[in-house]
Amino acid sequence: MANDIPGKTSSSASIYSLSNVAALNFPVLVSVPHSGREYPSELLANLNVSASHLIRLEDRYADRLAASAIASGFPAIIARKPRAWVDLNRSHTEIDPDMVVGMDPTQTPQISKKVRGGLGILPRRLHGAGNLWREKWQHQHVIDRIAQDHEPYHVMVERLLGQIRSVFGYALLLDLHSMPSVFDENQRQVGFVIGDRFGRSCESRYVELAAVHFRMHGHHVQTNHPYSGGYILERHGRPAGNIHAFQLEVDRSLYLDQYMREPIAAARTIAKVIRDCCVMLAEQLSGRHQLEAAE
């Protein structure tokens, strides 16, 4: 069993890994922004809580859920550094001034609900654990962290989606996350939540097809509730420009043990279901392009 305490790595470690991008064989790009487990030493040195608390910020082993799609040739980008270091699904403006030395609160006049709750681009606190950091971060350090670790991820996503659209005419970003167990109004456990910012980041037909796919495999699916998608979809989803993006949240109890720490055998099954969804979406995208080309 893997150690529950996040391991150290140098801050110069690569911020993401890429798969199947040399030759693009599918119009679907898989992104996994919150599964990073390479914790910079300066992050751990400033902890005010046990390092094991940081696991709660992870989409624990969500990268394993992309493994089958990657093995089948789908392009993918997977964050290596953790969400505790920088949250790739937040805007660079979502900084909590209370955790930064030398930052005037007037520089962020409209603080979002997530930032107020301690989950900005640099997470500040966790429910039940309190403040994560012994000392505030220096403002320049925060600026550097965003420039060196946040922006390059998004630049690469933009580049890959642009290349995919150039090859196929269309591109779709499947942004893969995991979630704690949630239940609908009838107390049914929700296996998957698909978010498209209420239709703003993806053409509805692809979301509907994905929802049907997971339902056919016996899972209860909801769209946009309780997760509609964040900054990644806001930045990269451009349906009018033939670039679609939706967020896929997977219930962690479907693929992790009872402690929500380690993958179980079912993780491979869930990964294959996600791979099959990618295949279906790729076929739909390709068919749509062919139909429009023939008109």
Problem set entry | Yes/no for ILE77 being in contact (Cβ under 8 Å) with a residue 24 or more places away in the chain, farther than 21 Å from PRO180 by Cα and assigned to a helix (DSSP H, G or I) | no
Seminar exercise, completed: Taking the range 91-123 and keeping residues farther than 20 Å from HIS53 by Cα and in contact with a strand residue (DSSP E or B) (Cβ under 8 Å, 6 or more places away or on another chain) leaves VAL100, VAL101, GLY102
For this session: Kindly indicate the residue of the range 50-74 that is assigned to a helix (DSSP H, G or I) and among the polar types (S, T, N, Q) and also nearest to ARG275 (Cα to Cα) among those meeting that condition.
Result: SER68
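Yes/no per residue for (1) surrounded by fewer than 23 Cβ atoms within 10 Å (Cβ to Cβ); (2) in contact with a His (Cβ under 8 Å, 6 or more places away or on another chain); (3) at pLDDT 95 or above:
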site: LEU57; (1), (2), (3): yes, yes, yes
site: ARG64; (1), (2), (3): yes, no, yes
site: ALA76; (1), (2), (3): no, no, yes
site: ASP98; (1), (2), (3): yes, no, no
site: PRO105; (1), (2), (3): yes, no, no
Problem set entry | Residue count, the range 156-183 (criterion: crowded, with 17+ Cβ neighbours inside 10 Å, within 17 Å of the chain's Cα centre (by Cα) and not aliphatic (A, V, I, L, M)) | 3
Seminar exercise, completed: Taking first residues from the range 239-267 that are within 17 Å of ASP59 (Cβ to Cβ) and without any contact (Cβ under 8 Å) to a residue 40 or more places away in the chain and second residues anywhere that are of a type in the set (Ser, Thr, Tyr) and part of a loop (DSSP other than H, G, I, E, B), the pairs with Cβ under 6 Å that are 6 or more apart or on different chains are ALA266/TYR255
For this session: Take the residues in the range 184-212 that are crowded, with 18+ Cβ neighbours inside 10 Å and in a strand (DSSP E or B), then tell me which one is farthest from the chain's Cα centre (by Cα).
Result: VAL190
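Matching residues to (1) more than 15 Å from ASP175 (Cα to Cα); (2) of a type in the set (A, V, I, L, M); (3) in a helix (DSSP H, G or I):
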{"residue": "ARG235", "(1), (2), (3)": "no, no, yes"}
{"residue": "SER253", "(1), (2), (3)": "yes, no, yes"}
{"residue": "MET260", "(1), (2), (3)": "yes, yes, no"}
{"residue": "ARG275", "(1), (2), (3)": "no, no, yes"}
{"residue": "GLN284", "(1), (2), (3)": "yes, no, yes"}
For this session: Could you please give the count of residues in the range 246-274 that are surrounded by fewer than 21 Cβ atoms within 10 Å (Cβ to Cβ), farther than 16 Å from GLN189 by Cα and of a type outside the set (A, V, I, L, M)?
Result: 8
Exercise. In this structure, does ARG215 turn out to be in contact with a helix residue (DSSP H, G or I) (Cβ under 7 Å, 6 or more places away or on another chain), of a type in the set (D, E, K, R) and either over 21 Å from SER166 (Cα atoms) or outside any loop (DSSP other than H, G, I, E, B) (or both)?
Worked result: no
Exercise. What are the pairs, 6+ residues apart or on separate chains, where a residue within the range 205-231 that is at positive phi has its Cβ under 8 Å from a residue that is in a helix (DSSP H, G or I) and of a type in the set (A, V, I, L, M)?
Worked result: none
Seminar exercise, completed: Those residues of the range 108-138 that are among the hydrophobic types (A, V, I, L, M, F, W, C) and surrounded by fewer than 13 Cβ atoms within 10 Å (Cβ to Cβ) come to a total of 0
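The values are calculated or read from the model by the stated rules, or taken from the named source; none is laboratory data. These numbers were taken from a predicted model, which means no experiment stands behind them. Cβ coordinates were reconstructed from backbone atoms using ideal geometry, including for glycine residues, and neighbour counts include every protein chain displayed.
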